[in-house]
Amino acid sequence: MNPHEKAASVIISQIIDAIKAKGQRYTISLAGESGCGKTETGKALLNELNRQGIKALVLGQDNYFFLAPLANDAQRKKHPEWLGPHKEVNMQLLDDTLVEAMSGADAINVPHIDYDTNIERIERVSIADIKVLIVEGTYTSLLKHIDTRIFIDANYNETLKYRKLRNRGNEVNDPFVENILETEHKIIAGHKFLADFVITKDYNVISVK
């Protein structure tokens with residue numbers, strides 16, 4: 001197992017009974033700073049659930065920004081106060097989608113934003129056989145309708161090597177992006193205290209509650 005898979009196995013083993021016992025769909029949030037491994041850990045959680053016969057779906061917070069990437073970056077540069085969960089991310093839509101899913105909907109509308117082409121589209125996704133929704137993204141700890149919150153506790157300096165490998169939008173060479181990451185760090189530094197599980201920078205799992 002890689003570190004993401006090991007962490008997923010530990011966490012799912014501790015919540016599997018609660019997932020099975022809940023009459024509605026179960027929701028998991030996965031938060032942390034840029035490059036900390038949210039996407040890979042989300043996939044690992046999904047795969048671990050599937051291995052145990054439970055269908056899951058991952059929703060990415062990055063698709064719920066009000067503006068497409070290029071327009072959002074321009075807005076950040078023009079208005080620095082734009083940065084953060086309450087201005088640039090449609091957290092209400094994400095919460096409403098979770099409520100719809102928990103209420104028994106057979107399908108939900110899921111936005112998709114392509115980072116490279118800057119094209120946004122809406123896809124109608126069937127969730128008829130989905131038992132668990134995993135929402136991953138920087139600010140997802142703040143979502144209201146979450147059964148289990150997970151926080152990956154690695155800051156943007158500690159994740160530099162992974163950001164270099166990804167280098168999305170040439171981010172590691174852009175001083176403006178580094179300033180954004182410093183601001184995000186300050187915004188979510190306390191979010192780990194909202195978590196039920198904290199994954200350390202070495203990918204050990206700490207059960208908080």
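The values are calculated or read from the model by the stated rules, or taken from the named source; none is laboratory data. In this text the structure is predicted, and so the values were computed from the model without any measurement. Every residue, glycine as well, gets a Cβ built from its backbone with ideal geometry; the counts of neighbours run over all protein chains shown.
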Handout entry: Qualifying residue in the stretch 68-79 (condition: crowded, with 18+ Cβ neighbours inside 10 Å and among the aliphatic types (A, V, I, L, M))
Key = no
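Results for (1) closer than 15 Å to THR140 by Cα; (2) among the β-branched types (Val, Ile, Thr); (3) touching a strand residue (DSSP E or B) at 6+ places or on another chain (Cβ under 6 Å), shown as yes or no for each residue.
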residue: ALA7; (1), (2), (3): no, no, yes
residue: ILE11; (1), (2), (3): no, yes, yes
residue: ALA18; (1), (2), (3): no, no, no
residue: GLN24; (1), (2), (3): no, no, no
residue: LEU30; (1), (2), (3): yes, no, yes
residue: ALA44; (1), (2), (3): no, no, no
residue: ASP73; (1), (2), (3): no, no, no
Problem - Residue check, HIS86 closer than 29 Å to ILE206 by Cβ and surrounded by fewer than 16 Cβ atoms within 10 Å (Cβ to Cβ) - result: yes
Fill in the blank from the handout: Exactly one of LEU93, LEU45 is among the aliphatic types (A, V, I, L, M), surrounded by fewer than 19 Cβ atoms within 10 Å (Cβ to Cβ) and on the phi < 0 side of the Ramachandran plot, and that residue is LEU93
Handout entry: Condition met for ASN179 (in a loop (DSSP other than H, G, I, E, B), modelled with pLDDT of 65 or more, over 14 Å from the mean Cα position of the chain (by Cα) and farther than 17 Å from THR27 by Cα)
Key = no
Fill in the blank from the handout: Pairing a residue in the stretch 1-17 that is without any contact (Cβ under 8 Å) to a residue 60 or more places away in the chain with any residue that is of a type in the set (A, V, I, L, M), where Cβ atoms lie under 6 Å and the two sit 6 or more apart in sequence or on different chains, gives GLU5/ALA44; ALA8/ALA44; ALA8/LEU45
Exercise for the section: Considering (1) closer than 24 Å to ALA31 by Cβ; (2) at pLDDT below 90, say which one VAL99 fails and leave the rest. Expected result: (2)
Practice task
Please verify whether the stretch 106-121 includes one or more residues that are in contact with a Pro (Cβ under 8 Å, 6 or more places away or on another chain), without any contact (Cβ under 8 Å) to a residue 12 or more places away in the chain and either basic (Lys, Arg) or crowded, with 18+ Cβ neighbours inside 10 Å (or both).
Solution key: yes
